[in-house]
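Novice: Please read through the structure below; I'll follow up with questions.
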Ligand code: C5P
């Protein structure tokens, strides 16, 4: 007996960010982070399987996604990710910001490779745009914006502050205090905090199963 596919997200357009950003210092160096992109890609795949039209804005990762419902835009820096998100956001029903965006970038980019000279070298950094906060504060009533928070102290408290400051509808919290959860792992352990104060805690699961939990939660919010 065949089961019908679950197409609960049919007709919904979803913007997803995933992976790290690379902030260039010179032609051969950058500031980056250890994000693998696995969580964002898993969400893209799960929602696309459920019928969503997914626009995935990805930083540099080693994953490939080949799905008829997923359009991938590869970017490198936070500014490029920001521009790509702004390009799509107006037409989106849902935005899920799973990327590990660099908070700062080098103030200057050196066209030539920086030579080693002195014992010390100072890099001046300037703040990157906060994509989640920008989308959160410009969303319309019918748009849902969801962010992630990776915390290792006062997790719930900090996640709630993030939810408010960025005007998100929900925050997916993953703590760095759980073995097997977070950057580079195949598994994740999340808590979802909604704007109305509701809190849902989930056990450690594969990132695909976590993505399904997030999808369920978004469905209830729609
Ligand atoms: O402020 P913090 O970086 O901890 O917030 C994490 C959340 O904000 C994640 O959803 C991340 O994708 C998003 N973010 C962003 N743009 C930034 C920094 C974070 O969209 N510049």
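Novice: Are any residues in segment 15-55 more than 14 Å from residue 99 (Cβ to Cβ) and part of a helix (DSSP H, G or I), and if so, which ones?
Specialist: Matches in segment 15-55: 45, 46, 47, 48, 49.
Novice: On to the next question. Residue 148: touching a helix residue (DSSP H, G or I) at 6+ places or on another chain (Cβ under 8 Å) and either crowded, with 17+ Cβ neighbours inside 10 Å or within 25 Å of residue 81 (Cβ to Cβ) (or both), yes or no?
Specialist: So residue 148 passes the test.
Novice: Separate question: Could you check how many residues of segment 85-114 are under 15 Å from the mean Cα position of the chain (by Cα) and under 22 Å from residue 125 (Cβ atoms)?
Specialist: Within segment 85-114, residues that are under 15 Å from the mean Cα position of the chain (by Cα) and under 22 Å from residue 125 (Cβ atoms) number 7.
Novice: Of the conditions (1) part of a loop (DSSP other than H, G, I, E, B); (2) without any contact (Cβ under 8 Å) to a residue 60 or more places away in the chain; (3) closer than 27 Å to residue 55 by Cβ; (4) away from the ligand (no atom under 16 Å from the Cβ), residue 116 satisfies every one except a single condition; which number is it?
Specialist: So residue 116 meets the others, but not (3).
Novice: Another question, if that's okay. Can residue 140 be described as more than 8 Å from the ligand (Cβ to nearest atom), assigned to a loop (DSSP other than H, G, I, E, B) and at pLDDT 95 or above?
Specialist: Numbers: more than 8 Å from the ligand (Cβ to nearest atom): yes; assigned to a loop (DSSP other than H, G, I, E, B): yes; at pLDDT 95 or above: yes.
Yes.
Novice: Among (1) more than 13 Å from the ligand (Cβ to nearest atom); (2) surrounded by 12 or more Cβ atoms within 10 Å (Cβ to Cβ); (3) closer than 30 Å to residue 11 by Cβ, where does residue 134 come up short?
Specialist: Checking residue 134 against (1) more than 13 Å from the ligand (Cβ to nearest atom); (2) surrounded by 12 or more Cβ atoms within 10 Å (Cβ to Cβ); (3) closer than 30 Å to residue 11 by Cβ, the one that fails is (1).
Novice: Answer yes or no: is there a residue in segment 77-100 that is over 22 Å from residue 139 (Cα atoms), within 15 Å of the ligand (Cβ to nearest atom), out of contact with any strand residue (DSSP E or B) (no Cβ under 7 Å at 6 or more places or on another chain) and assigned to a loop (DSSP other than H, G, I, E, B).
Specialist: No, there is no match, as no residue in segment 77-100 is over 22 Å from residue 139 (Cα atoms), within 15 Å of the ligand (Cβ to nearest atom), out of contact with any strand residue (DSSP E or B) (no Cβ under 7 Å at 6 or more places or on another chain) and assigned to a loop (DSSP other than H, G, I, E, B).
Novice: Give all pairs with beta carbons closer than 9 Å in which a residue from segment 141-154 that is within 14 Å of residue 15 (Cβ to Cβ) meets a residue that is assigned to a strand (DSSP E or B) and more than 13 Å from the ligand (Cβ to nearest atom); count only pairs at least 6 apart in sequence or on separate chains.
Specialist: 143/94; 144/94; 145/94; 146/94
Novice: On the basis of being within 19 Å of residue 17 (Cα to Cα), within 16 Å of the ligand (Cβ to nearest atom) and not in a loop (DSSP other than H, G, I, E, B), does residue 174 make the cut?
Specialist: Yes.
The values are calculated or read from the model by the stated rules, or taken from the named source; none is laboratory data. Every value quoted in this text rests on a predicted model; they were computed, and no experiment measured them. For neighbour counting, all protein chains shown are included, and Cβ atoms are generated from backbone atoms with ideal geometry for every residue, glycine included.
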